[in-house]
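What follows is a set of notes on a single structure, which appears directly below.
All of the numbers you see were taken from the coordinates with simple rules; none came from a lab. In this text, all values refer to a predicted model and were calculated from it rather than measured experimentally. Ideal geometry is used to build each Cβ from the backbone, glycine not excepted, and the neighbour counts take in all protein chains shown.
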Amino acid sequence: MLKLKKIIKWTAILVVSLIAILLSVNGVLSWRAGSRLERRLQAIRDAGDPLTLADLEREPIPPEENAATFLRRADKSVRAIQKEFWAEFYNTESYNRGVFSEENLRSIKTAFDAYPDVISLLRQAANCPNYDLRIDYKVKAGPELLDLSDRQANRNGFDRYTINGVKPLLDLSDCQANRNAIQVLREHVILLAAEGKRDDALEECVVMFRLTRHFDRDPTLVGYLVSMACRGITGDATNRVLLAGAVSAESRAKLETELAQHDAMAGFVESLKSERVFGANRFRAMSGGWKSFFFWQTKNWQANYLDLMAGEIRLGAAPSYKIRAELDALYARSASADVLTAMVETAIKPARGAMDRTRAAMRCLRVLNALQAQAANTGNNKLQSNTLKISDVKLPTEITTDPFTGQPLILRKTSQGFTVYSVGANLKDDGGSFDQQLDTGAGVDLTPEDQ
């Protein structure tokens, strides 16, 4: 009996000792993880960047100076026009290729005649000096606000949804409304061009581009991807107008002035910073309170995440050819860090790809616009020559450089005119194949009227 008591006593001592050792080790690991995380957080504070949702709050903008005011006023008419026109034609191959029959054009005109306020409101939005969706960041935000799987599932629809009955802080339906507005303006551009009002159509394209610059202010990478999609729609409409026939030198100058503001892609960095805020909020929910002591590994995961975001922000919106080696090294470290950080990295890559693809498209439009202006001003002898080179275009070398390779954009003469393009993310010249985004660019068609 005494022997049994002795065994129990020493067993209890051993168990207590082991628990004490484990708690001590856990405490040390928790302290180390917390210290590592705090250094990352302090670096963000020292840089003056947002760290909490409250930090994203902006100073109020007078409603008449806020583009979002006029976009929301136009939304009802935008949706009505879409319903009236897109019922049968939207998502057809003809619509996507921009091929409109006389009946389609009459339908478009009827829709705009029925809602005469929509274009005026969208122009007012474009001319506003600022833009803010007025998101209430003071609302208590739970972890559901950064559920990557739900965001991925909704990235195409951008519909209004709830998680566990809680409405998300970032309402993606606003992003979809912005895209709808750009699509409606696209139809108006096509209508104006079909009526021979090419200068008016090009002016409308400038309005669309101004709106996309407003949309760059939407938070998170999801918002930024929408602004890139809107630029893609606008670039396509602009390309169609430029290929439709001659436009005035004044219109070309306005277009060049506007396009010049789309090369820096500064909105990408701001989207990363707001994305980091939402990510940090998610991690805090995972590791807050008593969990911070026992689940210290989540602090290491958050530090890994912040390292990835810091690296992305440091590299900024530079063209990929300038930072490819550094990006590869950053992604290699992220892939080996932990599963969550690796998942975030795969979400950022498409945004970088969209940014470079859009930058390439904007540069190609500038080349197209400059070539046509040169043809109008100096004749077409050089432009008709098969020896025409991209260096013959009167633009800064930086603008005629492919953001994917650092090499000159490719300029080719065809029987229909010229094509200028970037080789795209696969770094391979696919002969100007734009349908599947193998290459990215603009087609140049020097019609007799242009010449």
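Kindly flag which residue pairs out of 273/349; 273/299; 349/413 have an alpha-carbon separation exceeding 25 Å in this structure. Intermediate results must be reported in sequence, preceding the final value.
Working: 273/349 15 Å; 273/299 19 Å; 349/413 33 Å.
Long pairs (Cα-Cα over 25 Å): 349/413.
Could you line up 270, 57, 204 from fewest to most neighbouring Cβ atoms inside 10 Å? Intermediate values should be presented prior to the final figure.
Working: 270 19, 57 15, 204 27.
Ascending Cβ contact count within 10 Å gives the list 57, 270, 204.
Using a simple spin-label model with pseudo-atoms 7 Å out from Cα toward Cβ, residue 72 and residue 414 lie 4.5 nm apart.
Here the 3J(HN,Hα) profile of the stretch 306-311, calculated from phi with Karplus coefficients 6.51, -1.76 and 1.60 at θ = phi - 60°, is 5, 5, 4, 5, 5, x Hz, Gly and Pro shown as x.
Backbone geometry of the stretch 78-84 corresponds, through the Karplus equation with coefficients 6.51, -1.76 and 1.60 at θ = phi - 60°, to 3J(HN,Hα) couplings of 4, 5, 5, 5, 4, 5, 6 Hz, x marking Gly and Pro.
In this structure, the amide hydrogen of residue 418, modeled 1.01 Å from its nitrogen in the peptide plane, lies closer than 5 angstrom to those of 444, 445, 446, counting only residues at least 5 positions away or on a different chain.
Judged by the mean number of other Cβ atoms found within 10 Å, the most tightly packed of the peptides 213-220, 261-268 leads the ranking 213-220, 261-268.
Each label was represented as a point 7 Å from its Cα along the Cα-to-Cβ direction; for residue 314 and residue 64 these points are 4.8 nm apart.
For a Förster distance of 30 Å, can you work out the FRET efficiency between the beta-carbons of residue 389 and residue 349, rounded to the nearest 0.05? Don't skip to the end; give the middle numbers.
On the way: r = 33 Å, r/R0 = 1.11.
The pair residue 389/residue 349 has a calculated efficiency of 0.35.
Go ahead and run the numbers for FRET between residue 338 and residue 14, Cβ-Cβ distance against an R0 of 41 Å, rounding to 0.05. Display every interim value, and only then the final one.
Working: r = 34 Å, r/R0 = 0.83.
Plugging the Cβ-Cβ distance into 1/(1 + (r/R0)^6) gives 0.75.
Our coupling estimate for the stretch 57-64, obtained by passing each phi through the Karplus curve with A = 6.51, B = -1.76, C = 1.60 and θ = phi - 60°, is 5, 10, 5, x, 10, x, x, 6 Hz, Gly and Pro reported as x.
How charged is the neighbourhood of residue 32? Take every other residue with its Cβ under 14 Å from the Cβ of residue 32, and add Lys/Arg as +1 and Asp/Glu as -1. Show your work: numbers first, answer last.
Working: positive: 36, 39, 40, 299; negative: 38.
Neighbourhood net charge equals +3.
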